[in-house]
1. Mean Kyte-Doolittle of at least 0.0 plus a Cα span of 15 Å or more along the axis: flag which DSSP H helices in the chain meet both, please.
2. Does region 1-160 come out rounded, prolate or oblate by the C-alpha gyration tensor, with a ≥ b ≥ c the root eigenvalues, rounded set by a/c under 1.5 and, if not, prolate when a/b is larger than b/c and oblate if not?
3. Rounded, prolate or oblate for region 115-156? Axes are the square roots of the Cα gyration tensor eigenvalues, ordered a ≥ b ≥ c, and the cut-off for rounded is a/c under 1.5.
4. Which whole-Hz couplings ³J(HN,Hα) result when phi for each residue of region 168-173 is put into the Karplus expression 6.51 cos²θ - 1.76 cosθ + 1.60, θ = phi - 60°, listed in order with x for Gly and Pro?
5. Report the gain in length on full extension from Phe84 to Arg25: 0.36 nm times residue separation, minus Cα-Cα distance, nm rounded to one decimal.
6. Which of Thr128, Thr42, Thr142 ends up with the largest GNM mean-square fluctuation for the chain, with Cα atoms connected below 10 Å?
7. Multiply the residue gap between Ala58 and Thr118 by 0.36 nm, knock off their C-alpha separation, and tell me the result in nm, one decimal place.
8. Mind checking which of His40, His105, His126 has the largest fluctuation in a GNM of the chain, springs on alpha carbons under 10 Å?
Amino acid sequence: MRLFVALNLPAPVREALWAATARARDLGLPVKWVRGEGLHLTLKFLGDVADEREPELAAALSRAAAGARSLSLALGGFGVFPDFRRPRVVWVGIAPEPGLEILQHRVEQEFALLGFTTEARPFRPHITLGRAARDARPAALTGLEAALGGLEFAETAPVSALDLMQSTLQSGGPVYHVRHSERLP
């Protein structure tokens, strides 16, 4: 199973974000856009994991969520990683939130105990909206910066669960399924 730990956005926020980004998607740039129902905040990518490890992963998720509270994520501002000269990932940002930082750190700690590599890069909370095609030349993405600069979106997303997600790769893009969920009171 290909797994990751995430915070899923409520449907109305996903729908509003999908609608707000329509102009960028309609440009026909070589970007593989995440479907609206798949928009989420990844806290930890686990990769391919054997099915029999699911109980220990669920236990780690439970420990990471213990004592955490529900969150209100302030979404807004669009950008790319690493930069507009060579855009690879298109995203909408999330304002700094101490509770989110603590939760992400706890997820890292709990899954490190199970042998998953700790992320070396600093945590930069964002919702991935799309990824540039692997073979896309930077010139083919020239209009992206202007398109994102013209978009407006500011929403608060209440999040009350920490989810262990499965990603199944298909020709139309990945399909996500919640394998285990821990409530954040």
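What follows is calculated from the coordinates using simple rules that are stated; it is not laboratory data. The structure displayed is predicted, hence computed values, not measured ones. Cβ atoms come from the backbone with ideal geometry, glycine included; neighbour counts cover every protein chain shown.
1. 54-65
2. Here region 1-160 falls in the prolate category.
3. oblate
4. Karplus values, whole Hz, x for Gly and Pro: 10, 6, 9, 4, x, x.
5. Length gained between Phe84 and Arg25: 19.6 nm.
6. Thr142
7. Length gained between Ala58 and Thr118: 19.8 nm.
8. Greatest mean-square fluctuation among the candidates belongs to His105.
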